[in-house]
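Every number here is computed from the coordinates shown, using simple stated rules; none is lab data. The shown structure was predicted, so the numbers you read here are calculated from the model rather than taken from an experiment. Here Cβ is always computed from backbone atoms with ideal geometry, including for glycine, and neighbour counts include all displayed protein chains.
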Amino acid sequence: MKKIVQLQDVRKTYLMGTNQVQALRGVDLDVAEGEFLAIMGASGSGKSTLLNVLGCLDKPSSGTYVLDDQRVDRLDEDELAAVRRLRLGFVFQSFNLLNRSTALENVELPMIYLGVSRRERMRRARAALETVGLAERMDHMPTQLSGGQQQRVALARALVTQPRLLLADEPTGNLDSRTSAEMMDLLTQLQRQERLTMIMVTHDPDIAAFAHRVIILHDGQIVYNRLSPAWGGPPIPHVKTVGRNGDIEFEFEDDEPAGGNGRVPHELPASLRLQEQVLWKQ
Amino acid sequence: MEAVIWLESMRIAMREMRRHPTRSCLTMLGVIFGVGAIIAVVSISQGAKIQIQDQIASIGTNMIIVLPESSAQGSMRSGAGTGNSLSIADGEAIGRECSAVARAATASRIITLAVSEVANWTTEVIGVTAQYLDVRNWSAEAGRVLDRKDIDTAAKVCVLGQTAAKQLFGRTDCVGDRVRIQGTPFLVVGVLAVKGQSPNGSDQDDTIIVPLSSAIRYLHGPDRPKAIVVSATSKETVALAMEQMASLLRQRHKIHEGQVDDFSIKSLEEAARMAEDTSNVLTRLLVAIAAISLLVGGIGIMNIMLVTVMERTREIGIRIALGASRQMIMSQFMVEAMTIAGVGGVLGILAGIGGSRILSQVSGWPAIYSPSLLILPLVFALTVGVIFGLLPARRASRMRPVESLRHE
């Protein structure tokens, strides 16, 4: 099973004024091709920083990052831009559509930077919008679309370049619960169809439960790494800090494990079952 | 790939300009004025230059004028052209002996009252030798010009300039009529073609031309100061002709080495060049001012581009996240700056043409547009766009994606 993402001892240190903030403190992570991984954690746990590093928007201070067989942790800005446009797709919490461009133009945008001709861009953008069910709204401005529709435009934009890895930052964070469920159904359906590798950051256990595997970040480290409940893993726990020395404890809810709603799992990448493990870094 | 990005950037730029019409117009105004002013100033000054050259050419072809130096009565000197040092024989000698001279004529000039049967008019009366009108490149519109016989016999005949004819007779078909000058009747044998204004603004057509011999006999006597007008064989031989004339006149007037000449020689080329130099200096000054206005326009572009880049931080973040390299972001904003400058430049060309038309109406100078006059200011405007777009575009391209995506 091919690994799309390999992180080894990735650290990220920020300078906030005169204070050094360690956002990531030695993250090791492998993501297999076709896998759907959810990253959870409280705010400040480093999950956004990790997603930025994974998305080549930010460089790790140390450690190695191999993306799709290419070492990317020491690339310069322009090389990272090339990695982003050739191999990565992004879906953001706040959609991040260009408000003055139509849905179609938004989906065309990443192809402009690939030098695709206008005609070909239109063709592929239309097809992508049809895939996400927005065939009727291609010429609408983002402001004329509902939140769920905007996020679907963003999804079409992320997928139109056929990325090797899709990164989603709280994709349902600005959507109501029904729209969120629809969005997640669409995401998982597309992910399965295209055998897409996908990493999603969320704070919502119900949303994380759609993934194959869930990791939990705490204080810049991975403290939990198991299959999701839907795939036979345990219910997703809350992380609690106990005692003065920062020890942590997992707190499981007794009733109705999150996401364990009796879904029939589709085929899970074989490697994942072997990978399943709990990491106790403390 | 670059072409795709440039095309897209131009579309974006046009859309941004439509979205902020007031802002765009104000931004472009500096460029419009700059380009417009350059075109108006240069086209008018080129028109004026050609008109001045035409006027100088209208006085005569390759013309050289010899004036007597000041006359002196005791210690009182009367100023240039008042002496009587030049004679008809001098003029003839120049025509005969100077190889670079095509024609030479001698002329006197008085201002006096002329009277016809219907009106009177104070005008200049020029007494001339035979080749005068040839030197002036001046022909008759009606009747004939003066011929050698008129000169030799001191005939009481004259030809009239158009203005003099109109003032004296109210019409220009007055061949055969008589004009009385200082009591002597002169038969009008011809009316001259229109000559127009001289470079110093006087009306060349307000004149009566009579044989010099007749003027000496009937109007002013032999001691009236005379000038010699000469046309050189070609434009190139003007300087040579002047040298030949100077040395011939010094010899004829027995002026030794080191003594002051009793005459002065001027060519119209010199006058033309002086007029042109003056107008060139003025043109350069005005163009420099217009260019400064264009530069200020560039600062306006830079200012608005900096605002735009700030406002669109998030958009830039999105574009970078989607894989735009720094070079691509740079290109986008450079193209936007150049589009503003380019559109401003084109509008400036139209404004310049319109402005010069109006100036041309008001001043009476023609406006002349060469292709380079229309293209160079546009190129200059685009260059200004590039220079002043550089800083904002660079700022946009250096944005960090993580921070710009967080920007509200």
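Going toward the positive end of the dipole of segment B:84-261, with +1 on Lys and Arg Cβ and -1 on Asp and Glu Cβ, which of B:T122, B:T153, B:L240 do you reach last?
The one lying farthest along the dipole's positive direction is B:T153.
Enter the Cα centre distance for the pair segment B:167-182 and segment A:68-112, rounded to the nearest angstrom.
92
For the protein assembly as shown, count all C-alpha to C-alpha pairs, find those more than 38 Å apart, and express that count as a whole percent of the total. Don't skip to the end; give the middle numbers.
Numbers: 141351 of 237705 pairs.
In whole percent, the share of Cα-Cα pairs in the protein assembly as shown beyond 38 Å is 59.
Pick from B:V115, B:V135, B:V230 the residue whose mean-square fluctuation is largest in a GNM of chain B, springs joining Cα atoms under 10 Å.
Ranking B:V115, B:V135, B:V230 by mean-square fluctuation puts B:V115 first.
Cut-off is 10 Å between beta-carbons; in what order do B:W6, B:W121 appear when sorted fewest neighbours first? Could the numbers behind the result be given before it?
Details: B:W6 15, B:W121 18.
Least to most surrounded, the residues fall as B:W6, B:W121.
Excluding residues fewer than 8 places away in the same chain, name every one of the lysines whose C-alpha is closer than 20 Å to that of A:K47.
A:K12, A:K59, A:K240, A:K281
Can you give the relative contact order of chain A as a percent, counting alpha carbon pairs under 8 Å and 6+ residues apart? The partial results should precede the final answer.
Numbers: 563 pairs, mean separation 63.6, N = 282.
With pairs under 8 Å counted, the relative contact order is 23 percent.
Angle between the Cα long axis of helix A:147-159 and the longest principal axis of chain A, 0 to 90 degrees, nearest 10?
Value to nearest ten degrees: 90.
For the pair B:R15 and B:S279, what calculated FRET efficiency results from E = 1/(1 + (r/R0)^6), where r is the Cβ-Cβ distance and R0 = 35 Å, to the nearest 0.05? Write down the numbers at each step before the final one.
Numbers: r = 45 Å, r/R0 = 1.29.
Efficiency, from the Cβ-Cβ distance: 0.20.
How far apart, in nm, are two points set 7 Å out from the Cα along the Cα-to-Cβ line at B:H253 and at B:N120?
Placing both labels 7 Å along Cα→Cβ, they lie 3.7 nm apart.
Taking R0 as 51 Å, what's the FRET efficiency between B:D261 and B:A288 from their Cβ-Cβ distance, rounded to 0.05?
Values: r = 41 Å, r/R0 = 0.81.
E between B:D261 and B:A288, to the nearest 0.05, is 0.80.
How large is the helix-only mean residue ellipticity at 222 nm for chain B, computed as the sum of -39500 (n - 2.57) over DSSP H runs with n ≥ 4, divided by its residue count, in deg cm²/dmol to the nearest 500? Before the final figure, lay out each step's value.
Details: 12 runs with 223 residues, N = 408.
Rounded to the nearest 500, it is -18500 deg cm²/dmol.
Place a +1 charge on the Cβ of each Lys and Arg in segment B:84-261 and a -1 charge on the Cβ of each Asp and Glu, then give the dipole magnitude about the Cα centre in debye, rounded to the nearest 20. Please list the in-between numbers first.
Details: 20 positive and 20 negative charges, 60 e Å.
For this selection, approximately 280 debye.
How big is the dipole moment of the protein assembly as shown about its Cα centre under a simple scheme where the beta carbon of each Lys and Arg is +1, that of each Asp and Glu is -1, and everything else is neutral? Debye, nearest 20, please. If you can, show how the numbers build up before the last one.
On the way: 73 positive and 72 negative charges, 196 e Å.
Roughly 940 debye, rounded to the nearest 20.
Among B:V309, B:V42, B:V128, whose mean-square fluctuation peaks in a Gaussian network model of chain B (Cα, cutoff 10 Å)?
Looking only at B:V309, B:V42, B:V128, the biggest GNM fluctuation is shown by B:V309.
Treat the count of other C-beta atoms within 10 Å as a stand-in for reagent exposure and order B:C25, B:C98 from fewest to most.
Numbers: B:C25 13, B:C98 25.
By the 10 Å Cβ count, ascending: B:C25, B:C98.
Points 7 angstrom from Cα along the Cβ direction at B:T184 and B:E270: gap in nanometres?
Using points 7 Å along Cα→Cβ, the separation is 3.3 nm.
Relative to the Cα centre, what is the charge dipole magnitude of chain A, using +1 at the beta carbon of each Lys and Arg, -1 at the beta carbon of each Asp and Glu, and rounding to the nearest 20 debye? Show your work: numbers first, answer last.
Details: 33 positive and 37 negative charges, 188 e Å.
Magnitude of the dipole: close to 900 debye.
For chain B, set up a GNM with springs between Cα atoms under 10 Å and report which of B:V175, B:V145, B:V307 has the largest fluctuation.
B:V307
With 10 angstrom as the radius, rank B:I44, B:I353 by how many other C-beta atoms surround their C-beta, starting from the fewest.
Numbers: B:I44 23, B:I353 16.
Ranking B:I44, B:I353 by Cβ neighbours within 10 Å, fewest first, gives B:I353, B:I44.
Leaving out same-chain residues fewer than 8 places away, which aspartates and glutamates sit with a Cα under 17 Å from that of B:K226?
Of all the aspartates and glutamates, those that pass the test against B:K226 - Cα under 17 Å, at least 8 places apart if same chain - are B:E69, B:D90, B:E92, B:E124, B:D261, B:D262.
Taking 7 Å along the Cα-to-C-beta vector as the label spot, tell me the A:R74-B:E97 distance in nanometres, rounded to one decimal.
It works out to 9.6 nm between the two label points.
Taking only C-alpha pairs under 8 Å that are 6+ residues apart, what is the relative contact order of chain B in percent?
Working: 764 pairs, mean separation 115.5, N = 408.
After rounding, I find 28 percent.
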